[in-house]
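Reviewing the structure listed below.
The values are calculated or read from the model by the stated rules, or taken from the named source; none is laboratory data. Everything numeric in this text was worked out from a predicted model, so none of it was measured. Don't worry about glycine lacking a Cβ; one is built from the backbone with ideal geometry, like all the others, and counts go over all protein chains shown. Note: accessible area is taken over every heavy atom of the protein model, side chains too, but ligands, DNA and RNA are not part of it. Shrake-Rupley method; radii C 1.70, N 1.55, O 1.52, S 1.80 Å.
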Amino acid sequence: MRNALGLMVASVIAAVVIAGGWFFYSSRAEQAAPKTMAARAPEPLPASAKLAAKDDVETTAALSGKPAAAAASAAPPAAVSAQAMPVQQKSTCANPNALGVARVVEIDTTGGPGFGFEHFKQFDFLADKEVVLTFDDGPWPNNTPAVLKALADECTKGLFFAVGKHATYHPEILRQVLAQGHTVGTHTWSHVNLNSKKMTEQQAKDEVEKGFSAVKFALGTNPAPFFRFPQLQHNPAIVSYFGTRNVAMFSTDLDSFDFRKESTPDKIVSNVMTKLDKLGKGIILMHDFQKHTAEALPTLLARLKAGGYKVVQIKAKTTFQTLPEYDEALLKDLKVPTSSARPISSVVQTVSQ
């Protein structure tokens, strides 16, 4: 009897052990082989996301697959470095179809390089369908702010060559130019022809240096080491001088002729687009001093966009260091107390907010 009872108990225990082992094995097997599911078809992007995608900046450079030696030989000369920089598109742009900025180029001004094929042939940094928007002779009431508004409406940027005297007349306008992300260079102190036979080399240097000091005074900070000769009259001595001062010189590829008496907004747009369609790219010369330019700019920017043109913004690798003697002479001429010559950032700083 005892043997029969013991045999039954042993059988029950063995069954329990076998069942437990099977349960453990099957649960581990399920973990080791997860179930698969068919991929769900992607949902279409909402309209808002599609609009946002248009603000993305296109890639301006890619790996060429060339050997390192070949890539190095294709690099621009050491005198200037024109590099593609990532563009940070701001979400504040209210225009989803804006012209925008396709590429930002940084210029190393060491040695005084020149740009613009009307006078300088060495550095061809623009690709097909790329333009640089440049404006001379400002700042000026009404006209410069209107130009700034047109550029802001299209979320794009320009390069401004300010006249020193005008900068001292309207420093608040020039500060708006800089505050809105545009690049500010200079255009002499009083817009004289530096290549005039009546002008001595020293007078030409004075015009240049005083212009830089005046723009620095107006901005409250150093301008870019960028310069454009008035009337595009290049004084050979000053060209050499800029090499010692590390100032880049800008000529042009096409002139809008917006300064002519017979100029109208329609003629300005026609001049630029006719020349641009022929050249395919270029540095465009305009004047924020001129009323008709401000009136023409919204239409011109729209035409550039429709024509597939893209704006390249130019920045400098370093800022221009003015000469103390010209800073002091300017302040004396303007009858500004010497104590106020310091930039506000060195006097007043926000330490907590």
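How much of the pair distance distribution for region 272-312 lies past 16 Å, counting alpha-carbon pairs only, in percent?
35
With Cβ to Cβ distances under 11 Å as the rule, what net charge do the other residues near ALA218 carry (K, R +1; D, E -1)?
With Lys, Arg at +1 and Asp, Glu at -1, the net is +2.
How much of the accessible area of region 134-287, in percent, comes from carbon and sulfur atoms when a 1.4 Å probe is used?
Solvent-exposed carbon and sulfur of region 134-287 make up 51 percent of the total.
Obtain the nm distance between the two label points defined at ALA94 and THR350 by a simple spin-label model: each point lies 7 Å from its Cα along the Cα-to-C-beta direction.
Between ALA94 and THR350, the simple spin-label model gives 2.3 nm.
Under 5 Å between amide hydrogens, which residues at least 5 positions from ILE107 or on another chain qualify, with H placed 1.01 Å from N in the peptide plane?
For ILE107, whose amide H was placed from the backbone, the distant partners under 5 Å are LYS315, ALA316, LYS317.
Hey, how many Å between the Cα centroid of region 228-274 and the Cα centroid of region 157-206?
Result: 13 Å between the Cα centres.
If each residue of separation counts as 0.36 nm, what is the full-extension length gain between HIS119 and GLN233 once their alpha-carbon separation is subtracted?
Difference between extended and current length: 40.1 nm.
Amide H neighbours of PHE135 under 5 Å, counting only residues 5+ apart in sequence or on other chains, H built in-plane at 1.01 Å?
Under 5 Å from the amide H of PHE135 lie the amide H atoms of LEU159, PHE160, PHE161, MET286, each far enough along the sequence or on another chain.
Order these peptides, 301-312, 247-258, by their mean beta-carbon neighbour count within 10 angstrom, highest first.
247-258, 301-312
Working out 0.36 nm times the residue gap between ASP333 and THR319, then minus their Cα-Cα distance, what length gain in nm do you get to one decimal?
Taking 0.36 nm per residue and subtracting the Cα distance, the gain is 2.6 nm.
What shape does region 83-238 take by its C-alpha gyration tensor, where a ≥ b ≥ c are the square roots of the eigenvalues and a/c under 1.5 counts as rounded, a/b above b/c as prolate, and the rest as oblate? Show your work: numbers first, answer last.
Working: a/c = 2.18, a/b = 1.38, b/c = 1.58.
Oblate is the answer for region 83-238, as a/c is 1.5 or above yet b/c matches or exceeds a/b.
Can you tell me the mean projection area, over all orientations, of the convex hull of region 208-333's alpha carbons? Units nm², please.
9.6
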